[in-house]
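Structure first, then comments.
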Amino acid sequence: MTKRQKMLICGATGFIGRNLLEKYMNDERYTIRATYHNKPAIADYDVEWVYADLNNIDDVKKALKDVDIVLQFAATTSGSNDIINRPHIHVTDNAVINSLILRECYEQHVKHIVFPSCTVMYQPSNVAQKETDWNAQDEIYSTYFGVGNTKVYIEKMCEFFSRLGRTKHTVMRHSNMYGPHDKYDLERSHVFGATITKVMTNTTGVLSVWGTGEGARDLLHVDDLVEFIDCAITKQESEYELFNVGLGSAVKIVDLIKKIISHSGKELQIEHDLSKPTIPTSLFLDCSKAKRLFDWEPKISIDEGIIKTIEWYKENSMSTEDE
């Protein structure tokens, strides 16, 4: 019988980390270790839980001991409000956490690490962006200057350590994620989660929307991202690869809101609050590299994803609120 590999899921109580935990915790290929920090360990999940402040090198060493695969989804994240008003919170902690983890992966001979970058380094565009379309000479859009350059730094750190030959690195420039276990509180959520909450809890018949809603986003259901990660773990042969991972098309925020309202079964009027910030960029991804190397492509359309998310929200978030 093939020996199980030990997989570490960093940030396992967060949005993507928890979905990965549900994917792998009963997978006979792996034994799972999972880190938690700001949120408590999830008692129902029968895995090896490790408390870890990943800004602390001793905790990083403890978390990575005897691990074969690291899925690094521990991060400081939040929504548009913080991106506009407190952009610094996405920079320092994330740079420190990932620098320590990448070094320790090398020191402890970890076989493979998967790191989630982002797409904010790309210029706004009306055509699908390939991995090679980003130019280091281009100024990152001002709203994303801090977080974008931090992600680029960590991408280059992954490439640097991959060249030392001990650890395989997969970097994903994934698009805007949504689905089960996302943030649905209005202070910290991204546009998809915030809109679901606003629509599902609305009692006034009027939905207030920040700005004009003309910006467009590439939105990917988390199940499709999880399937990409599984492909990377099982199929990547080279020491370093950088992939776009997205739906491959963009939807305007105002159209997304209309779709969510429609699929919710509610009748709501949209009212634009033009005093609130607008991020008027449009971006979507060319994911042909993932298709070519891994035969991966997204399977969940935006409408199907909205329906699945609303059903999950009704069964989970709304039932919790009623208790």
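The values are calculated or read from the model by the stated rules, or taken from the named source; none is laboratory data. Bear in mind that the values here come from a model prediction, so they are computed numbers and not experimental data. So basically every Cβ, Gly included, is an ideal-geometry build from the backbone, and we count neighbours across all protein chains shown. Surface areas here come from the heavy atoms of the whole protein model, side chains and all, with no ligands, DNA or RNA. Shrake-Rupley method; radii C 1.70, N 1.55, O 1.52, S 1.80 Å.
Rounded to the nearest 10 degrees, the inclination of helix 92-107 to the longest alpha-carbon principal axis of the chain is 30 degrees. Restriction of the GluC sites (Glu not before Pro) in the range 9-64 to DSSP coil positions whose beta-carbon has at most 12 other beta-carbons within 10 angstrom yields E28. For the range 124-130, putting each phi into the Karplus relation 6.51 cos²θ - 1.76 cosθ + 1.60 with θ = phi - 60° gives couplings of x, 7, 9, 10, 4, 9, 8 Hz, in residue order, rounded to whole numbers and with x for Gly and Pro.
Dividing the convex hull volume of the alpha-carbon atoms in the chain by its residue count gives 135 Å³ per residue. Converting the Cα gyration tensor eigenvalues of the range 31-79 into ellipsoid dimensions via √(5λ) gives semi-axes, longest first, of 17, 15, 11 Å.
Remark: the chain carries 47 Å² of accessible area per residue (probe radius 1.4 Å; ligands, DNA and RNA excluded).
Scanning residues 5 or more positions from V209 or on other chains, those with amide H under 5 Å from its amide H are E271, H272, D273, with H placed 1.01 Å from N in the peptide plane.
Among G14, G305, G205, the largest mean-square fluctuation in a Gaussian network model of the chain (Cα springs under 10 Å) belongs to G205. The count of lysine pairs in the range 217-323 with alpha-carbon distances below 26 Å, taking only pairs 8 or more places apart or on different chains, stands at 27.
Expressed as a whole percent, the accessible area of the chain that falls on carbon and sulfur atoms is 48 (1.4 Å probe). Between Y141 and D223, the FRET efficiency from the beta-carbon distance, with R0 = 41 Å, is close to 0.90.
Beta bridges assigned by DSSP with both partners in the chain are antiparallel in approximately 5 percent of cases.
Mean-square fluctuation check for the chain, GNM, Cα pairs under 10 Å: which of L164, L21, L283 is largest? Most flexible of the set in this elastic network: L164.
Each 5 Å bin from 0 upward holds the following percent of the Cα-Cα pairs of the range 120-205: 3, 11, 15, 16, 16, 15, 11, 7, 3, 2, 1, 0. Each pair of Cα atoms in the range 194-323 enters the Kirkwood radius, and Stokes-Einstein at 10 °C and 1.306 mPa s then converts it into a translational diffusion coefficient of 95 µm²/s.
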